[in-house]
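Below you'll find the structure, written out as structure tokens, and then a few comments.
Please treat every number below as a calculation from the coordinates, not as lab data. Keep in mind that this is a model prediction, so the values were computed, not measured. For neighbour counting, all protein chains shown are included, and Cβ atoms are generated from backbone atoms with ideal geometry for every residue, glycine included.
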Amino acid sequence: MSRGFTARKYFILVLIAGIGSALLIRLFFIQVIADKYILSANNNVLRYITQYPARGFVYDRNGKLLVYNEAAYDLMVIPRQIRDFDTTGFCRLLGIDVQTFIEKVEKARKYSSYRPTIFFPQISKENYGFLEEKLFRFPGFYVQPRTLRKYPLAIAAHTVGYIGEVSPAMIERKPYYKSGDYIGISGIEKSYEEILRGKKGMKIRVVDVHNRDMGSFQEGKYDTLPVAGIGLWASLDADLQAYGELLMTNKKGSIVAIEPSSGEILALVTSPSYDPNLLVGQVRSRNYAMLARDTARIPLFNRALMAQYPPGSTFKIVNALIGLHEGILKPTTAFGCPGGFSLGSGKVVKCHAHFSPLQLKQSIQFSCNTYYCHAFRNIIDKGSRKSTRAGYEKWRKQVWDFGFGHKFETDLANELNGNIPSADYYDRFHGKNRWNSYSIISLAIGQGEIGVTPVQLANLCATIANRGFYYPPHIIRAIGKADSLNSKFLKKHVLNIEKEHFDLVVDAMEDVVLAGTATGARMDSISVCGKTGTAQNPHGKDHSIFIAFAPKDNPRIALCVIVENAGFGATWAAPIASLMIEKYLTRKIQRQDLETRMVEGNLLR
């Protein structure tokens, strides 16, 4: 009995010793080895400060700075740390009322009582020093540095875009972002967000009961440095962009200029526009609301990428090339023009006065509607022996190859498709098997249901300048350094149309400027090839359209100009295009009278 009791006694002692040893080892591990437990235990005296990286700068193709950063500061709040608080003094310091203070604190508390939330965003560097020296009196508040975007040239607002605070929906989709972070909302800022944003860092600071900073925790052992965003080199020519915006003063419309040999966009003008600095800092929300309320001018709308217009007579070039490729048209093919094309029952597609009959080059030079009604009917009816529907679908596919009806899927944020209607659409509209080439004859002259964007028309012009191919239009030419071209956009799109047909069209477009519908775009020193268009507008005066490239041989610029509610293409769009060409190729303007007339012309009255 004695031996049994002794054995049990030793067993219990060993068990107690073992448990005690385990607890001691665990305590040693927690207190000495596992620093993460120290972090958890000291959360009430540690402040975690996000270190926001500087976003990457944006330069134009010649190295001019388009976007840079300026220091700013966010006032952060941790609701559970607010105590012994002089609310009146705090509100006086920030210039807000007590009700605003209560609302902001409640909003922060709903997000989290323990996590820091932005209370007052984007304090300027001038006000930061004054605030920082008094902030120790207000526990629960501290200042966190960040940067604001600045736009030194105040141009290309729609192209460079802007940044804004992430929404809860964005955070749910992209866990990298936390409440109070900023993200690219539009333009280059959106398309290249992950490159521009860099990588956030973290500082852990020790604070005392009076909210005073006592230094780094563990001598910065757990701090991480932010990684700055990568800079971008845009394809824009800042001088040309600024000049285009000047020419479009007091006008609605757009200018898109492309370098044909690369697809790089030289200018992307949409008018009316705004100063991009308006959407920066504390005034961003107020200014955005102001711009959004301007429903007469709609300055936030990116017409260059999102507006859809009938291409008008510029589209005759597409039908000419398809007709030549299909053998429906030949250079000598001629049609008479009695002043219009009869649709029967007294309906006529009207045409302006010119000599008749015309061959193919002359039909482009003088923009004959009748010629292209005949040509389009033959393309649809003879292009496929099966049916009108089959002929139309074949034509539609060829138009699609020119870049119409779909996005280029490059780096153009918020680009829209345009519209090349399907055969199914006409089945629904007219009834299945109840439509023919007469029913859709408006497509012959770029009217009807067809809709194109300005960038698509500029790309058409670049394709013709290249005699049958294009590179996808894009806005960034290099990432990280000026000479590192972005290989993503080097894929050449070659059309299945013979080069000799493009040569014929190029000669015709030269005649348009020399002695056709756009003599106002003529320059003695530069060979310009162009095509006018007048897009019908059911809501007012027609839109003025002109596409052009120059020089004729080894072209360096191709562009589209659209001036809304401005009438014939030769009236406003053609002169503006010729001035843009002169500015880009010579860097100066000789035709001062024309420039003054275009700049001072006010079409918004």
Helix axis angle, 316-326 relative to the chain longest principal axis, alpha carbon, degrees: 80
Set of aspartates and glutamates near Lys221 by C-alpha distance (under 14 Å), chain-local residues within fewer than 8 positions excluded: Asp35
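Please give the peptides 541-549, 52-60, 258-266, 13-21 ranked by average Cβ packing (other Cβ atoms within 10 Å per residue), highest first, as a rough proxy for protection. Kindly include the intermediate steps, with their values, before the conclusion.
Working: 541-549: 27.1, 52-60: 21.2, 258-266: 23.1, 13-21: 10.0.
In decreasing order of mean packing, 541-549, 52-60, 258-266, 13-21 become 541-549, 258-266, 52-60, 13-21.
For the peptides 293-304, 239-250, what is the packing order when you average, over each peptide's residues, the other Cβ atoms within 10 Å and list the highest mean first?
Numbers: 293-304: 16.0, 239-250: 21.0.
Highest-to-lowest ranking by the protection proxy: 239-250, 293-304.
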Cα-projected label distance for Ser484 with Ser21, points at 7 Å along beta-carbon direction, nm: 5.8
Under-5 Å amide H pairs with Phe335, H placed in peptide plane, nonlocal only: Leu358
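To the nearest µm²/s, what D does Stokes-Einstein give for the range 380-468 at 37 °C and 0.692 mPa s, using the Kirkwood radius over alpha carbon pairs as Rh?
Details: Rh = 14.2 Å.
The Stokes-Einstein estimate is 231 µm²/s.
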Relative contact order of the range 484-543, defined on C-alpha pairs under 8 angstrom at six or more residues apart (%): 22
Shape category assigned to the range 141-204 from the gyration tensor of Cα positions, a/c cut at 1.5: oblate
Largest-first principal axis extents of the Cα set of the range 181-255 (Å): 61, 26, 20
All aspartates and glutamates inside 17 Å of Lys107 as judged from Cα atoms, apart from same-chain residues fewer than 8 positions distant: Asp74, Asp97, Glu165, Asp181
Built amide H within the under 5 Å cut-off of Phe408, gap 5+: none
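Going by average Cβ neighbours within 10 Å, how do the peptides 528-535, 179-186 rank, with the highest at the top? Present the calculation step by step, with values, prior to reporting the outcome.
Numbers: 528-535: 27.5, 179-186: 19.6.
Ranked from most to least packed, the peptides come out as 528-535, 179-186.
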Where the Cα pairs of the range 458-542 fall when distances are cut into 10 Å bins, in %: 15, 30, 30, 21, 4
Karplus-derived 3J(HN,Hα), 6.51/-1.76/1.60, for each residue of the range 152-166, Hz, glycine and proline x: x, 9, 6, 10, 6, 4, 6, 7, 6, x, 8, 10, x, 5, 5
Projected-area mean, the range 527-605, by convex hull of Cα positions, square nanometres: 5.3
Straight-distance crosslink candidates among lysines, where the alpha carbon sits under 19 Å from Lys110 and sequence neighbours closer than 8 are dropped: Lys178
Acute angle (nearest 10 degrees) that the helix 2-28 long axis makes with the longest principal axis of the chain, alpha-carbon atoms: 50
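For the range 397-471, what is the relative contact order in percent, using Cα pairs closer than 8 Å and at least 6 residues apart in sequence? Show your work: numbers first, answer last.
Working: 56 pairs, mean separation 23.4, N = 75.
In percent, rounded to a whole number, it is 31.
What ranking do Asp74, Asp524 get, fewest neighbouring Cβ atoms within 10 angstrom at the top? Numbers along the way, then the final one.
On the way: Asp74 20, Asp524 6.
In increasing order of surrounding Cβ atoms, one gets Asp524, Asp74.
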For the chain, calculated [θ]222 nm from helices alone, where every DSSP H run of n ≥ 4 adds -39500 (n - 2.57): -10500 deg cm²/dmol
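May I ask you to give the average projected area over all directions of the convex hull of the Cα atoms of the range 72-175, in nm² rounded to one decimal?
Working: hull surface 33.7 nm².
Computing the convex hull of the Cα atoms and averaging its projections yields 8.4 nm².
Could you tell me the ratio Rg/Rh of the chain? Both radii from Cα atoms, Rh via Kirkwood.
Numbers: Rg = 33.1 Å, Rh = 28.2 Å.
On the Cα set of the chain, Rg over Rh gives 1.17.
Regarding the range 214-326, what is the average projected area of its C-alpha convex hull, in nm²? Don't skip to the end; give the middle numbers.
Details: hull surface 56.8 nm².
It is 14.2 nm².
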Largest-first principal axis extents, alpha carbons of the range 295-343, Å: 48, 27, 16
Of every Cα-Cα pair in the range 296-387, the percent that sits beyond 18 Å: 52
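Taking a 32 Å limit on the Cα-Cα distance, which of the listed pairs Lys407/Lys552; Lys361/Lys583; Lys174/Lys481; Lys150/Lys407; Lys316/Lys492; Lys499/Lys541 fall beyond it? Before the final figure, lay out the partial values.
Numbers: Lys407/Lys552 28 Å; Lys361/Lys583 29 Å; Lys174/Lys481 28 Å; Lys150/Lys407 30 Å; Lys316/Lys492 24 Å; Lys499/Lys541 37 Å.
Distance filter (> 32 Å) returns Lys499/Lys541.
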0 to 90° range, to nearest 10: angle between helix 499-515 axis and the chain longest Cα axis: 80
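Can you pull the percent of Cα pairs in the range 116-171 with separation above 19 Å?
Numbers: 759 of 1540 pairs.
Taking all Cα-Cα pairs of the range 116-171, the fraction more than 19 Å apart is 49 percent.
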